[in-house]
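The values are calculated or read from the model by the stated rules, or taken from the named source; none is laboratory data. In this text, all values refer to a predicted model and were calculated from it rather than measured experimentally. Note that we place each Cβ from the backbone using ideal geometry, even for glycine, and neighbour counts take in every protein chain shown.
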Amino acid sequence: MKVLVVDDSGPIRKIMGKMLRRMGFEVLEACHGKEALVQLEKHPDIELLTVDWNMPEMNGIELLEAMKTKRGSEPKPTIVMVSTENEKSKIVRAMSKGANEYIMKPFTEEILTEKLTFLGMGGSKNDKR
Amino acid sequence: MISKEILTYFFSILYQESGLVLDESKKYLIETRLEPIAAQEGFESINALGRALIQKRSPILRQKVVDAMTTNETYFFRDQRPFTIMKEEVFPALIKAKEKSKQIHIWCAASSTGQEPYSLAMMVKEMGPKLAGWSVQIQATDISEDVLKKARLGIYSQHEVQRGLSTPYLLRYFTQKGLTWQLKPVIRDMVRFRRLNLLSNLSSVGDVDVVFCRNILIYFDSKTKQNVIARISDLITPEGVLFLGGSEALMGIKSSLTRIGTAQGSYYKKSTPNKGNTEKTVPELKRRGVCQT
Ligand SMILES: C[S@@+](CC[C@H](N)C(=O)[O-])C[C@H]1O[C@@H](n2cnc3c(N)ncnc32)[C@H](O)[C@@H]1O
């Protein structure tokens, strides 16, 4: 399953990539919204995006907006917002723009795994009893 | 460094008070947990704290020490599976079985800081119309006053509200307070918290349809486990169920409960007279005045 990690921070992309690979995902990266849109064109089989909020060129919310038109009423690909923005109003906003889950930074691998499980995207290595 | 004698003494009061069994491998844990208490209470070391407890009876200090040594680890919708089983199997069955009384009693027997009973409360709230006209009572008990205090407040850190909780639930049921999040009164008011030691008399709990006794049996020795399970199962109604933690089972323990395996994991049910275990079940049900045969 392909996941696109959208974040302007190299270290964050690296950590996220590591966690997601451990869960069995094939990981692609983008530094901002515009790059993400290009990647989405190239890889229509991307099933999951993790999206940072504050990024140059095109931020996370703008990316959500750009994707909203494309996604229409289809909730695919699944989008998880991952951001230091931790105000309730901001979270509400991201969810209303089409995010399926929201993770506040800092977070742990356990949190990421659990949230992906809610979305039915636990990955193959995640069948814990 | 904590002396062997004092360490043994701490283990023995922990066992006497709560039934929890620790061994030398947990020495570091005892040290990190008890150091702050020793300091707070004005003792120069953990050894001094131990000696003071040996010399004079101080129930309050003893309780503090026991509290500090117990593991309170918990999170919302822990393991998910028990909650899925509750929603998909147990609730529908209880809604049929309790049609007349329209009352369901749930008990979280070692509720720690409240995430477990509150998860059940949110789930009940979500069921909305299916439970319209029903009274669902959720009792939550724990041996530690500290965790109960936190549970009643229903205030959790950013980290805690992300563990196991989905964002729609966070937005619907919590109010943000600075860096923390507090459960709204609609959910808080659904749960009643009080102190109860599982080793003590449990009759104050009353009859219960659902028991969550999760991630506590693993810390008990087999004798204590047997004793606690026997007394808990006495409280479970004929249509009632028991959930244990992910790594816990009633293997080797005598009880009137039968394991039900599902794709989502397992839980325990009161054995019915026609399904196995008749020997123990029939007298048990007769005693409770519910046996029809
Ligand atoms: C690891 S937590 C489990 C919390 C929750 N049930 C869960 O599974 O997430 C164990 C709890 O058991 C409580 N406990 C320990 N001994 C107890 C006893 N004898 N009676 C009641 N509660 C006890 C501890 O205070 C602690 O909060």
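Each row is one residue, and each column tells you yes or no for (1) more than 13 Å from the ligand (Cβ to nearest atom); (2) on the phi < 0 side of the Ramachandran plot.
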| site | (1), (2) |
| --- | --- |
| B:Asn215 | no, no |
| B:Thr224 | no, yes |
| B:Asn227 | no, yes |
| B:Ala230 | yes, yes |
| B:Gly246 | no, yes |
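Conditions: (1) of a type in the set (Lys, Arg); (2) touching a Lys or Arg at 6+ places or on another chain (Cβ under 8 Å); (3) farther than 18 Å from A:Lys34 by Cα. A:Lys97 meets all but one. Number of the miss?
(3)
Can you work out which of the residues in the range A:69-87 that are surrounded by 14 or more Cβ atoms within 10 Å (Cβ to Cβ) and more than 13 Å from the chain's Cα centre (by Cα) is farthest from the other protein chains (Cβ to nearest Cβ)?
Ranking the qualifying residues of the range A:69-87, first place goes to A:Arg71.
Return the residues of the range B:179-213 that are within 14 Å of another protein chain (Cβ to nearest Cβ) and either in contact (Cβ under 8 Å) with a residue 60 or more places away in the chain or within 16 Å of the ligand (Cβ to nearest atom) (or both); say none if nothing qualifies.
B:Leu183
Considering (1) farther than 17 Å from B:Thr141 by Cα; (2) assigned by TED's automatic domain parsing to the domain that holds B:Ile218; (3) out of contact with any Asp or Glu (no Cβ under 9 Å at 6 or more places or on another chain), say which one B:Lys87 fails and leave the rest.
Every listed condition holds for B:Lys87 apart from (3).
Pairs only if they're at least six apart or on different chains, beta carbon under 6 angstrom, first in the range B:13-38 and free of Cβ contacts under 8 Å to residues at least 24 places away in the same chain, second buried (at least 18 other Cβ atoms within 10 Å of the Cβ); list them, first residue then second.
Listed by first residue and then by second, the contacts come to B:Ala38/B:Ile46; B:Ala38/B:Leu49.
Does B:Thr237 fit the bill of being surrounded by fewer than 17 Cβ atoms within 10 Å (Cβ to Cβ), over 30 Å from B:Lys26 (Cα atoms) and modelled with pLDDT of 90 or more?
When the stated conditions are applied, B:Thr237 does not pass them.
So that you can scan it fast, the table gives a plain yes or no per residue for (1) within 11 Å of the ligand (Cβ to nearest atom); (2) hydroxyl-bearing (Ser, Thr, Tyr); (3) within 14 Å of another protein chain (Cβ to nearest Cβ):
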residue	(1), (2), (3)
B:Val21	yes, no, no
B:Tyr28	no, yes, no
B:Ala48	no, no, no
B:Leu53	no, no, no
B:Leu61	no, no, no
B:Val66	yes, no, no
B:Phe76	yes, no, yes
B:Met86	no, no, no
B:Ala97	no, no, no
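Residue by residue through the range A:99-116, note down the ones that are in contact with a helix residue (DSSP H, G or I) (Cβ under 7 Å, 6 or more places away or on another chain) and either touching a residue at least 12 places away in the same chain (Cβ under 8 Å) or more than 7 Å from chain B (Cβ to nearest Cβ) (or both).
A:Ala99, A:Glu101, A:Tyr102, A:Ile103, A:Met104, A:Phe107, A:Glu109, A:Leu112, A:Thr113 - these are the residues of the range A:99-116 that are in contact with a helix residue (DSSP H, G or I) (Cβ under 7 Å, 6 or more places away or on another chain) and either touching a residue at least 12 places away in the same chain (Cβ under 8 Å) or more than 7 Å from chain B (Cβ to nearest Cβ) (or both).
Where the second residue is among the small types (Gly, Ala, Ser) and the first is in the same structural domain as B:Val211 (by TED's automatic domain parsing) and lies in the range B:90-101, which pairs have Cβ atoms under 9 Å and are six or more apart or on separate chains?
Cβ pairs passing all conditions: B:Leu94/B:Gly240; B:Ser101/B:Ser135.
Just checking, does the range B:119-141 include any residue being within 13 Å of the ligand (Cβ to nearest atom), on the phi > 0 side of the Ramachandran plot and either surrounded by fewer than 21 Cβ atoms within 10 Å (Cβ to Cβ) or not acidic (Asp, Glu) (or both)?
For the range B:119-141, residues within 13 Å of the ligand (Cβ to nearest atom), on the phi > 0 side of the Ramachandran plot and either surrounded by fewer than 21 Cβ atoms within 10 Å (Cβ to Cβ) or not acidic (Asp, Glu) (or both): absent.
Return the pair list, or none, for Cβ contacts closer than 7 Å from residues in the range B:154-173 that are more than 7 Å from every other protein chain (Cβ to nearest Cβ) and surrounded by fewer than 18 Cβ atoms within 10 Å (Cβ to Cβ) to residues that are outside any helix (DSSP H, G or I) and β-branched (Val, Ile, Thr), at least 6 apart or on different chains.
Short answer, once both residue conditions are applied: B:Ser157/B:Thr180.
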